[in-house]
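Chemist: Provided herewith is a single structure, encoded as structure tokens, for subsequent inquiry.
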Amino acid sequence: MTAIRVGHLYPDYLNIYADRGNIAVLTRRAAWRGHELEVTALGMGDAIAPGEHDLYYVGGGQDREQLLVAEDLVRKADALHEAVDRGAAALAVCGGYQLLGRGYRGFHGEDMPGIGLLPLETVAGERRMIGDVLIECELEPGEKRTLAGFENHAGRTRLDPDAEPLGRVLAGFGNDGESGFEGCRAGRVIGTYLHGPLLPRNAWLADWLLARALAHRLGTNEAPRLEPLPDELERRAHEVSAGRARARGGRFDR
Amino acid sequence: MRLHPPLGLEIAAARGVAALSRRLGAGGGTTIPGKLLAELDRGAIDRLAARLATGIAVVSATNGKTTTTAMAAEILRPRHRLAHNAAGANLVSGVASALLGAGDADLGLFEVDEGALPELVERLRPRAVCLGNLFRDQLDRYGELELVAERWREAMSSLPAESRLVYNADDPQLAAVGEPRTGSVAFGLDDPRVARPALQHAADSKYCVRCGTPYDYAAAYVGHLGDYRCPRGHHARPPLELAARDISLQGLEHAVFRLDTPEGSRRIELRLPGLYNVYNAVAAAALARALGAKLDDTAAGLERFSAAFGRFERVEVGGKRILLLLIKNPAGANEVVRTLVDGAPPRLVVIALNDEIADGRDVSWIWDVDFEPLLPGLETLVASGGRAAELALRFRYGGLDGDEIELEPDLARALDRGLELTPDGGELVVLPTYTAMLGLQRLLASRGLAKPYWEQSE
């Protein structure tokens, strides 16, 4: 048994889309494999010690709350960069995803700084992109998997030319409603607009993250194989959510 | 006075459609005539509204608007002929339908959707507005809470000067809307003994509306509603003109409290459980007072009131009872859970989660509900509705064993399974989201166990 240490950034501020559901899934799925998951809240003014956490989680918030944390996050930027360079994994959803980029440019100059952990920028758009969404990912060569979720964002996120998207949009808007890409992946760091929450109905991604977190804890490059779980309910929830995206996912040209 | 020639024709056409809709079995037709009218001439709504001799009052809130409005109707009915959208059709079209069916009513009493409030305030020019609360709800439909609050602020600033605003001062966002307006009336709860030990997970407006510092709470009652104060002195709960004090919650049956008003105090025994219904009662009392009701009428009306449509309804089914409790967002569902646990924690529960527009297409809110207090006593969850599997996962990852969860997306089969597992003389707790509740009502009506919702009395 190995304890996996999760640093949950700003749980008091960024929790709008049921982010605790993602944490619950990580916790249980680790426990069912005999690993304990220790979740530490990293709030305003708290220092980050690189190496201490195996996985960082940042959720989404309302604009006001996101603005409140943005400046504090910048003060944690160096430590987070170092932590990730040393192999820590990270999952950032929605507002948290935007904050991991280089920044957010608002309509009226209300700019928000980001920490540049992901090679992307976000610009405010006029219409919110709201709806069910389905994407196809290939995080490991040859292993194509889908993620189903719900998106609700005004920001248009543009990836740098050499950046790796998290996935290709099958239905829904994705990063900006036109590029056909969703999210961003840089090594063990994943950012996405998909909430719902993301992990209960996409259990494979929870396991992918847990495996990388374990690799960091054990100091290995190779992520360990996790024992499969009976995921019948997860599979059915995924199917329904994917079906919703195919039937009613958002598109601008409709 | 110049008559609008088209109005009569439009009304006749719209009324005809409602009758047709019911005849075709398409449902209540509670909004169809209004939709037609809104299509034909939106200005007709203004003119219909102006026909009500004693004016119009509107109630808006994330939670409790149907119950608050129904309570106010119970208080006002002895002295008024009411036009009231009792079946909960609360968009522009639903209010238009209620206006079409107003007959010889003198007072309009309408619950209004949060998003529709600005337009309806402008069209109806109400003489009283009651703002109950703002919770996180259906972000996919309404957008963020701050945005709704901002639109409400604007709407209230365009309200005629002689109109009365009554607002829940326990909600910091609403206090910020209500305080600046002359003659506005603050209501709230004042009994720290029934407060929650801490802010709930889903608490929304917990940062000072002026400076962003987290509020200090002397008492938190429901979600972020309570007695708050900015530690830096920028904002605090305003003094309450009407308040519920000395509150006693009596399981699944009653809530008793003292209603303090400028006219005096009364002991009120509500035939409804839960702190959230005490909020609804004080809101209804404050609104009724703004419309001229006497305290005696208010007390009598509140004590007569039993339940609004689908909110805490009990239905007899062959020696067993079904208890229907609507759930639709974290704050409301938390109160339902708390009320159940304070009563007799159920061993079996049927929960039906749908994701139509009226339910919210984004079902993430179920993960923000504190269902956990139900788990220790729970032996079986029947998960139903279009998103049954997601709901099952919520409980699975909350700690319920997989073999205690039964997945039955079909509503009729889930209800039958629940009844089958309920002992004779027992009560089956069913927690549906909005469209699931409508589906259950339809089902019960088709079995002759309940009246269809469009025939329920006001």
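The values are calculated or read from the model by the stated rules, or taken from the named source; none is laboratory data. All of these numbers come straight from a predicted model, not from anything done at the bench. Neighbour counts run over all protein chains shown; Cβ positions are idealised from the backbone, glycine included.
Chemist: Are any residues in segment A:189-204 surrounded by fewer than 23 Cβ atoms within 10 Å (Cβ to Cβ) and either out of contact with any helix residue (DSSP H, G or I) (no Cβ under 9 Å at 6 or more places or on another chain) or of a type outside the set (Gly, Ala, Ser) (or both), and if so, which ones?
Modeler: A:Val189, A:Trp204
Chemist: Moving on. Taking the condition of being modelled with pLDDT of 95 or more and in contact with a strand residue (DSSP E or B) (Cβ under 8 Å, 6 or more places away or on another chain), how many residues in segment A:13-34 meet it?
Modeler: 6
Chemist: Which residues, taken from segment B:57-72, are surrounded by 24 or more Cβ atoms within 10 Å (Cβ to Cβ) and not in a loop (DSSP other than H, G, I, E, B)?
Modeler: Within segment B:57-72, B:Ala57, B:Val58, B:Val59, B:Ser60, B:Lys65, B:Thr67, B:Thr68, B:Thr69, B:Ala70, B:Met71, B:Ala72 qualify.
Chemist: Looking at B:Val129, B:Val177, B:Val166 in this structure, which one is closer than 25 Å to B:His224 by Cβ, outside any strand (DSSP E or B) and either within 16 Å of the chain's Cα centre (by Cα) or modelled with pLDDT of 90 or more (or both)?
Modeler: So the residue among B:Val129, B:Val177, B:Val166 that is closer than 25 Å to B:His224 by Cβ, outside any strand (DSSP E or B) and either within 16 Å of the chain's Cα centre (by Cα) or modelled with pLDDT of 90 or more (or both) is B:Val177.
Chemist: In segment B:409-422, how many are within 15 Å of B:Leu353 (Cα to Cα) and away from every other protein chain (no Cβ under 12 Å)?
Modeler: Residues that pass the stated criteria total 6.
Chemist: So for segment A:221-235 (the condition being in contact with a Lys or Arg (Cβ under 9 Å, 6 or more places away or on another chain), in contact (Cβ under 8 Å) with a residue 12 or more places away in the chain, buried (at least 20 other Cβ atoms within 10 Å of the Cβ) and under 29 Å from B:Ala383 (Cβ atoms)), does at least one residue qualify?
Modeler: yes
Chemist: Need the failing condition index for B:Ala331 against (1) surrounded by fewer than 24 Cβ atoms within 10 Å (Cβ to Cβ); (2) among the aliphatic types (A, V, I, L, M); (3) not in a loop (DSSP other than H, G, I, E, B), just the number.
Modeler: With respect to (1) surrounded by fewer than 24 Cβ atoms within 10 Å (Cβ to Cβ); (2) among the aliphatic types (A, V, I, L, M); (3) not in a loop (DSSP other than H, G, I, E, B), B:Ala331 is out only on (1).
Chemist: Given the conditions (1) part of a loop (DSSP other than H, G, I, E, B); (2) within 12 Å of another protein chain (Cβ to nearest Cβ); (3) small (Gly, Ala, Ser), which single one is not true for B:Ser306?
Modeler: Condition (2) is where B:Ser306 drops out.
Chemist: Moving on to the next point. Quick check on A:Glu126: is it without any contact (Cβ under 8 Å) to a residue 40 or more places away in the chain, over 23 Å from A:Asp78 (Cβ atoms) and within 14 Å of chain B (Cβ to nearest Cβ)?
Modeler: Yes.
Chemist: Which members of segment B:364-406 meet the condition of being more than 7 Å from every other protein chain (Cβ to nearest Cβ), of a type in the set (Phe, Trp, Tyr) and under 14 Å from A:Val25 (Cβ atoms)?
Modeler: Selection gives B:Phe395 alone.
Chemist: Residues of segment A:229-254 being of a type outside the set (A, V, I, L, M, F, W, C) and at pLDDT 95 or above, which ones?
Modeler: A:Asp231, A:Glu232, A:Glu234, A:Arg235, A:Arg236, A:His238, A:Glu239, A:Ser241, A:Gly243, A:Arg244, A:Arg246
Chemist: Oh, and also: Where in segment B:369-458 are there helices (runs of 4 or more DSSP H), lying wholly inside it, with at least 1 residues that are buried (at least 18 other Cβ atoms within 10 Å of the Cβ) and at pLDDT below 95?
Modeler: B:434-446
Chemist: I've got another one for you. Could you grab me the full set of residues in segment A:168-195 that are touching a residue at least 40 places away in the same chain (Cβ under 8 Å) and assigned to a strand (DSSP E or B)?
Modeler: Once the filter is applied, which keeps residues that are touching a residue at least 40 places away in the same chain (Cβ under 8 Å) and assigned to a strand (DSSP E or B), segment A:168-195 yields A:Leu170, A:Ala171, A:Glu182, A:Cys184, A:Arg185, A:Ala186, A:Val189, A:Ile190, A:Gly191, A:Thr192, A:His195.
Chemist: Okay, next question. Given the residues B:Gly226, B:Gly233, B:Gly212, which is the only one that is in contact (Cβ under 8 Å) with a residue 24 or more places away in the chain, among the small types (Gly, Ala, Ser) and either assigned by TED's automatic domain parsing to the domain that holds B:Val121 or outside any loop (DSSP other than H, G, I, E, B) (or both)?
Modeler: Being in contact (Cβ under 8 Å) with a residue 24 or more places away in the chain, among the small types (Gly, Ala, Ser) and either assigned by TED's automatic domain parsing to the domain that holds B:Val121 or outside any loop (DSSP other than H, G, I, E, B) (or both) holds for just one of B:Gly226, B:Gly233, B:Gly212, which is B:Gly226.
Chemist: Got a number for residues in segment B:225-244 being closer than 11 Å to B:Ala175 by Cβ and hydrophobic (A, V, I, L, M, F, W, C)?
Modeler: 3
Chemist: Answer with yes or no whether B:Glu150 is free of Cβ contacts under 8 Å to residues at least 24 places away in the same chain and either among the charged types (D, E, K, R) or within 14 Å of chain A (Cβ to nearest Cβ) (or both).
Modeler: For B:Glu150, the condition - free of Cβ contacts under 8 Å to residues at least 24 places away in the same chain and either among the charged types (D, E, K, R) or within 14 Å of chain A (Cβ to nearest Cβ) (or both) - is met.
Chemist: Out of B:Leu340, B:Leu353, which single residue is surrounded by 21 or more Cβ atoms within 10 Å (Cβ to Cβ) and more than 30 Å from B:Leu91 (Cα to Cα)?
Modeler: B:Leu340
Chemist: Going through A:Leu198, A:Leu229, A:Leu214, A:Leu205 one at a time, which residue ends up being assigned to a loop (DSSP other than H, G, I, E, B) and either more than 11 Å from chain B (Cβ to nearest Cβ) or under 21 Å from A:Glu164 (Cβ atoms) (or both)?
Modeler: A:Leu198
Chemist: Any residue in segment A:91-98 that is within 14 Å of chain B (Cβ to nearest Cβ) and part of a helix (DSSP H, G or I)?
Modeler: Yes, that holds for at least one residue.
Chemist: Could you list, in sequence order, the residues of segment B:56-68 that are touching a helix residue (DSSP H, G or I) at 6+ places or on another chain (Cβ under 8 Å) and within 22 Å of B:Arg125 (Cα to Cα)?
Modeler: B:Ile56, B:Ala57, B:Val58, B:Val59, B:Ser60, B:Ala61, B:Thr62, B:Thr68
Chemist: While we're here: Buried (at least 18 other Cβ atoms within 10 Å of the Cβ) and either modelled with pLDDT of 95 or more or more than 14 Å from chain B (Cβ to nearest Cβ) (or both): does that describe A:Val58?
Modeler: Considered against the rule, which asks whether it is buried (at least 18 other Cβ atoms within 10 Å of the Cβ) and either modelled with pLDDT of 95 or more or more than 14 Å from chain B (Cβ to nearest Cβ) (or both), A:Val58 comes out as yes.
Chemist: So, one more: Sort out which residues of segment A:155-167 are buried (at least 19 other Cβ atoms within 10 Å of the Cβ) and part of a strand (DSSP E or B), and write them in order of number.
Modeler: Correct list: A:Gly155, A:Arg156, A:Thr157, A:Leu159, A:Gly167.
Chemist: So if I check each of B:Ile322, B:Ile268, which one is free of Cβ contacts under 8 Å to residues at least 40 places away in the same chain, β-branched (Val, Ile, Thr) and touching a strand residue (DSSP E or B) at 6+ places or on another chain (Cβ under 7 Å)?
Modeler: After applying the criteria, what remains is B:Ile268.
Chemist: In segment B:357-378, is there at least one residue being without any contact (Cβ under 8 Å) to a residue 12 or more places away in the chain and not acidic (Asp, Glu)?
Modeler: yes
Chemist: Can you pull out every residue in segment A:15-47 that is of a type in the set (A, V, I, L, M, F, W, C), assigned to a loop (DSSP other than H, G, I, E, B) and more than 13 Å from every other protein chain (Cβ to nearest Cβ)?
Modeler: A:Ala47
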